[in-house]
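The values are calculated or read from the model by the stated rules, or taken from the named source; none is laboratory data. These figures come from a predicted structure and were not determined experimentally. A quick note on method: Cβ atoms are made from the backbone with ideal geometry, for glycine too, and the neighbour counts reach across all protein chains shown.
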Amino acid sequence: MIDSLLEKVRAHLGVSKKFNQLPEGSEWSATEDGDGIRLGVTIPAELVGEDPGKDGPSAPIRALCLAAWLCRLGEKAHADIHVVTANPVQTLGQRRASFLLHEYAELLPDLIRVRGALPWEWPPVPVFNVESRRSAKSKGRGRNGQLALAFAGDRELREKMAALDGPVEPLRNQLPVGMYNVEVNRDTGWTPAGKTAVAMWTRTRDREVVHFFEVQATSSAKVGTLAEAFYYARLLSYVRDRRLIDFAQSSDGLSAVRRAKHLKMWLTGPAPHPLVWHPEHGSAPLDALNAALLKHDITIGVIPATLEPPTLHLDRRWPACSSNPLP
C-alpha cells in the first residue's frame, strides 16, 4: 500500500520515479482503518539522532510531508513514528531528535504521532552559544557556507529585500544554535553545537522581523532541509519568548531574536525537495506547519535561488505576501 500512496503523490507533483525511493535504515508501512491511513515508520533512536538533514534520520519529516500531501489529495492520513530506543542515555543528537519529534506532535497532532521516543526535556539552566567576533570575517563552511557568504556580501540584494517586510540591516552569516546547561563549555552541551548554525540572517531596521536563511547550494535538495530549518526557527523562538534562557549579551544574533516580534525562516536553494515545496503546487506540509506556527509568530517559506551567478529570486518567494504568513 505504501508504494501506491507514494505513486499517488508523485503523479500529482509530476516528478521522477526516484521520488518513490524511501530512505534506508527505517521500516515503512501503510494501513487503513477507521482513523484513515496510517503511515508507519519504525526507526532506531541511533539513526534518528544523526544529522536530520540526511536521508535516513529525516524519515519522520518525510512521513509528515507525505501525510500532508495525502490529506491535500483528499485522503485522511497521519504519520505514526515509532522510535526504538535501546539506551536510555541520550546523545546530543538524540536530544535534538526528541525536541523535533515533540514539536511535530505538539503542533500537528492530527498529522503526526510519536511513540517510543525519550521525552524532550529542557536543561535545568538553558544557555545558548553565540557567534564570535571572527564570524564576520568567516570564509564560509563548504558549498552552503560559500553561497551564504556570497549572498551576505551582495549590497543590491539587501536593498531588494526591503520588499519582504521593509528595509533590512546588513546580511550576516553563521548564527549558532547550540544549547548548553549552566555555561558554555565542551562538557555541558545539551544539543549539538559546532556546525549547528543558521547559514545567514538579517533583521528589519525596525527590529520587528528577523529573517533566517537555510541555504542549500545543490540542485538536489533533501527532505531533511525542512527538519533543519524547522529546528532552528522553533528553537530560536523559545530564545525569543523565554526570558530564562540565557546567552552572552555580545551576541548580535540572539539579541535581535529576543527583540523581534516575528521570525521568518526561508528555505533557499535551486530546487527544494518536491515533498517540501513545488513551484506549481505550493506546499502541503508548510501550509500545515505555518497554520500551527501562526500563534507563535513564526513563518517558514521558500525563496528559490540560482548558483551561477549567486542570485536570490525574491520575486518568486513563497508565500508571496509578506503581510500574511499564509498564502
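Count of the range 69-103 residues, restricted to those that are assigned to a helix (DSSP H, G or I), under 26 Å from Ala193 (Cβ atoms), in contact (Cβ under 8 Å) with a residue 40 or more places away in the chain and touching a Leu at 6+ places or on another chain (Cβ under 8 Å), is 2.
Which of the residues spanning the range 132-188 are over 25 Å from Asp297 (Cα atoms), at pLDDT below 95, touching a Pro at 6+ places or on another chain (Cβ under 8 Å) and of a type outside the set (A, V, I, L, M)? Those that are over 25 Å from Asp297 (Cα atoms), at pLDDT below 95, touching a Pro at 6+ places or on another chain (Cβ under 8 Å) and of a type outside the set (A, V, I, L, M): Phe151, Asp154.
Here are the criteria: (1) crowded, with 18+ Cβ neighbours inside 10 Å; (2) under 18 Å from Tyr232 (Cβ atoms); (3) in contact (Cβ under 8 Å) with a residue 60 or more places away in the chain. Tell me which single one Gly49 does not satisfy. Result: Gly49 fails condition (3) only. Elements of the type strands (runs of 3 or more DSSP E) sitting completely within the range 133-234 and holding at least 2 residues that are of a type in the set (A, V, I, L, M, F, W, C): these cover 197-203, 209-215.
Flag not set for Arg38, criterion: within 16 Å of Val276 (Cα to Cα), of a type in the set (Lys, Arg) and either modelled with pLDDT of 95 or more or not in a helix (DSSP H, G or I) (or both). Each residue in the range 288-321 was checked for being aliphatic (A, V, I, L, M), within 16 Å of Gln216 (Cα to Cα) and free of Cβ contacts under 8 Å to residues at least 40 places away in the same chain, and 1 of them qualify.
None of Tyr180, Tyr232, Tyr238 is over 16 Å from the mean Cα position of the chain (by Cα) and among the aromatic types (Phe, Trp, Tyr) except Tyr180. Taken as a whole, the range 194-209 holds at least one residue that is of a type in the set (S, T, N, Q), surrounded by 19 or more Cβ atoms within 10 Å (Cβ to Cβ) and under 26 Å from Gln90 (Cα atoms). Checked against (1) closer than 23 Å to His12 by Cβ; (2) at pLDDT below 95; (3) among the aliphatic types (A, V, I, L, M), Ile300 passes all but a single condition, namely (2).
Residues are listed down the side, and each one gets a yes or a no for (1) modelled with pLDDT under 95; (2) surrounded by 19 or more Cβ atoms within 10 Å (Cβ to Cβ); (3) not basic (Lys, Arg):
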| residue | (1), (2), (3) |
| --- | --- |
| Phe212 | no, yes, yes |
| Thr218 | yes, no, yes |
| Asp246 | no, no, yes |
| Gly253 | no, yes, yes |
| Lys264 | no, yes, no |
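None of Pro272, Pro285, Pro304, Pro279 is surrounded by fewer than 17 Cβ atoms within 10 Å (Cβ to Cβ) and farther than 24 Å from Pro126 by Cα except Pro279. Residues in the range 1-35 that are among the charged types (D, E, K, R) and assigned to a helix (DSSP H, G or I): Asp3, Glu7, Lys8, Arg10, Lys17, Lys18.
What do you reckon, is Asp246 among the acidic types (Asp, Glu) and under 14 Å from Val177 (Cα atoms)? Spelling it out, Asp246 is indeed among the acidic types (Asp, Glu) and under 14 Å from Val177 (Cα atoms). Residues considered: Glu50, Glu121, Glu106. Of these, the only one that is touching a helix residue (DSSP H, G or I) at 6+ places or on another chain (Cβ under 9 Å), acidic (Asp, Glu) and not in a loop (DSSP other than H, G, I, E, B) is Glu106. Scanning the range 77-101 for residues being of a type in the set (Gly, Ala, Ser), within 17 Å of Pro123 (Cβ to Cβ) and touching a helix residue (DSSP H, G or I) at 6+ places or on another chain (Cβ under 7 Å) gives a total of 1.
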